[in-house]
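Okay, so here's the structure we're looking at.
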Amino acid sequence: MPLRPRHVALALAIALAVGAAVALLVPLVRQLWWQSQILDSGGDLSPAQAAYDVRRFDLEVTVDPARRAIAARAGVTVVAVAPLDELVLDLDRRLRVARVALDGRPARFRHRGGRLRVPLAAGWAPGERHTLDVDYAGRPKVSGAPPWLDGFVWETTASGAPWIALSTQVDGADLWLPVKDHPSDEPDEGATIALTVPAGLVGLSNGRSLGATANADGTVTSRWRVHYPINAYLLTFNVAPYVALEERYRGADGALDLPMTFWTLPEHAREARAMWRQAPAVLAELARRFGEFPFLDDKIAMVEAPLLGMEHQTLIAYGDDFVVDPSGIDETLVHELAHEWWGNAVSVADWDDFWIQEGFATYAEALYLESRDGAAAARAYLEAKRPEIANRRALVAGRPRTAGEAYDVDIYVKGAWVLHSLRWQIGDAATAELLRRFAAPPYRYAVVSQAQLAALAEEVAGVELDWFWPRYLRRAEPPRYRPTRSAAGRDEICFAWDTPGFALDLPVRVGAELVRVAMPAGAGCLAVPAGAPVEVETAGRILAEPEPAAARAD
Ligand SMILES: [Zn+2]
């Protein structure tokens with residue numbers, strides 16, 4: 001999911017306007033209202049849900065745009081990893097379950113409060129594999145403000161046709177599927193999707209197309225196969241009278257020749273074509289930095305959607321009006337394509353580490369700009385975004401959190417700046433290796449944690465970095481420095497961080513020269529020519545700020 005300043009303002013305006021209308025001057029009620037609008041995903045994983053591993057999904061979904069309804073059969077195949085006597089899945093209470101079958105036989109169930117419970121008469125032992133088929137239907141939750149308030153988006157094109165998308169980042173997939181609504185468990189064997197929509201519309205979903213067939217009742221069923229693990233919140237479909245725009249992807253080293261498709265509304269084909277022409281170069285550059293595109297057996301595709309953007313695996317939603325940003329690139333295009341690596345191939349196991357997905361995708365914007373326009377352009381890009389950092393709370397809480405709890409404006413730009421500050425310390429080569437290796441197995445196609453990132457960073461840098469992460473991730477305010485000793489006429493100036501042991505080198509401008517001041521144990525000194533102007537230069541280098549009233553050392 002992208003974040004753009006103009007949309008932050010819009011989202012805030014919507015949140016404030018809607019919230020204020022419901023509960024003027026009553027922040028608590030407003031907060032409760034907001035909470036009531038989300039079916040939060042992740043958080044503490046219950047023992048019942050920790051007791052099984054999701055292996056695959058087999059989904060059949062029929063979409064009725066006129067009634068804003070769906071009818072579905074979801075097959076969920078699981079393997080027990082601990083003894084269990086009840087299978088517990090999440091499915092929004094707005095949907096009505098008609099029938100449940102366990103390994104093909106009708107089974108008893110209870111669907112209450114968004115939980116689907118299936119008692120297992122014989123109990124399951126670790127290693128047992130079973131498939132639950134759930135028949136259900138209804139009118140799913142409607143999004144109030146996609147992609148910030150999740151749900152179905154039932155939009156209409158300018159020509160009056162249905163234009164349908166899903167927003168599921170915070171709510172998770174249980175707003176339309178029976179799932180374990182937690183990011184830690186991806187279906188290792190992938191998924192199949194059969195999507196049925198009225199004839200005249202194009203239905204799209206994740207994975208490789210297996211073709212489409214017309215049905216006697218005036219509908220069309222398209223079939224899709226996902227060959228990779230896919231985090232449940234990334235499952236999706238899009239429906240509209242789409243037309244396909246095709247470019248060719250040559251791969252990181254020019255050895256491939258594959259189609260890459262943008263599905264556009266017919267009335268936007270001209271602008272979409274201009275935007276999509278940039279996509280092969282963006283994708284190739286991301287592949288050079290992070291390893292080859294992770295889902296070559298599925299497809300490379302984006303789709304015009306009635307929401308700003310969302311990283312649905314191999315069917316990324318794009319809705320940013322085809323604008324070129326002041327940086328000279330389409331930032332949403334780059335950001336969302338980067339999510340195929342950061343978020344989709346490499347997903348966080350707990351939303352507490354949400355910043356890894358969004359911070360890395362945001363940093364990819366700067367890296368693409370660096371490849372295209374040079375390092376100074378990338379530094380200027382990050383610097384221009386620095387004012388978006390709010391520092392209201394720490395990026396990481398250090399405990400399981402839901403997506404709603406962990407979502408914060410700072411997971412984007414501040415997350416990118418944490419990476420950029422690490423790069424200042426460990427260097428360009430180690431950072432490039434860190435990104436390449438963190439995007440490769442065993443992290444690729446898996447769920448990851450902050451601890452794994454920290455361990456890998458130490459390994460590639462060959463230095464101890466335990467001091468780095470807590471200061472940036474577990475505290476709201478950024479590291480602060482102060483000059484500790486300087487006097488007119490003296491030839492030395494010393495600095496200290498506000499945290500003992502925080503050892504980030506300090507970039508200091510001495511006259512025309514940028515000097516790296518080592519700060520072992522949190523402090524360091526620098527010899528300077530008498531009378532030379534000395535200034536800490538964080539711009540474009542590190543996320544840090546002077547202690548109040550110590551902005552300038554001289
Ligand atoms: Zn994003």
With a/c under 1.5 counting as rounded, go ahead and sort segment 224-361 into rounded, prolate or oblate using the C-alpha gyration tensor (a ≥ b ≥ c being the square roots of the eigenvalues; past the cut-off, prolate if a/b is larger than b/c, else oblate).
rounded
Could you order the peptides 504-517, 339-352 from most to least packed, using the average number of other C-beta atoms within 10 Å per residue?
339-352, 504-517
So for segment 81-178: antiparallel DSSP bridges make up what percent, rounded to the nearest 5?
95 percent
For His312, enumerate residues with amide H under 5 Å from its amide H, sequence gap 5+ or separate chain, H modeled in the peptide plane.
Ala317
Roughly how many Å is it from the Cα centre of segment 258-303 to that of segment 435-456, as a whole number?
25 Å
Whole-Å distance linking the alpha carbon centroid of segment 90-131 with that of segment 501-515 is 60 Å
In this structure, the FRET efficiency calculated for Arg225 and Arg273 from their beta-carbon separation, with R0 = 41 Å, to the nearest 0.05, is 0.90
Suppose the Debye formula is applied to equal point scatterers at every Cα of segment 389-530; what is log10 I(q)/I(0) at q = 0.17 Å⁻¹?
-1.05
Given just the C-alpha atoms of the chain, how large is their convex hull per residue in cubic angstrom?
160 Å³
Amide H proximity to Thr192 below 5 Å, modelled H, separation 5+ or other chain, gives Phe57, Asp58, Leu59, Val226
State in Å² the accessible area per residue of the chain; use a 1.4 Å probe, count heavy atoms of protein chains only, and round to the nearest integer.
39 Å²
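At a 1.4 Å probe radius, carbon and sulfur cover how many percent of the accessible area of the chain?
Of the solvent-accessible surface of the chain, carbon and sulfur hold 54 percent.
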Defining a contact as two alpha carbons under 8 Å apart and six or more residues distant in sequence, what relative contact order in percent does the chain show?
11 percent
The farthest towards the positive end of the charge dipole of the chain, of the residues Gly218, Thr332, Trp424, given +1 on Cβ of Lys and Arg and -1 on Cβ of Asp and Glu, is Gly218
With the contact rule set at Cα under 8 Å and sequence spacing of 6 or more, what percent relative contact order holds for segment 252-383?
19 percent
Between Ser159 and Leu456, 0.36 nm times their residue separation minus their Cα-Cα distance comes to what?
101.8 nm
Report the per residue volume, in Å³, of the convex hull enclosing the C-alpha atoms of segment 83-178.
124 Å³
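The values are calculated or read from the model by the stated rules, or taken from the named source; none is laboratory data. This one's a predicted model, so the numbers in the text were calculated from it and none came from an experiment. Cβ: placed from backbone, ideal geometry, glycine included. Neighbour counts: every protein chain shown. Only protein heavy atoms, including side chains, enter the accessible area calculation; ligands, DNA and RNA are left aside. Shrake-Rupley method; radii C 1.70, N 1.55, O 1.52, S 1.80 Å.
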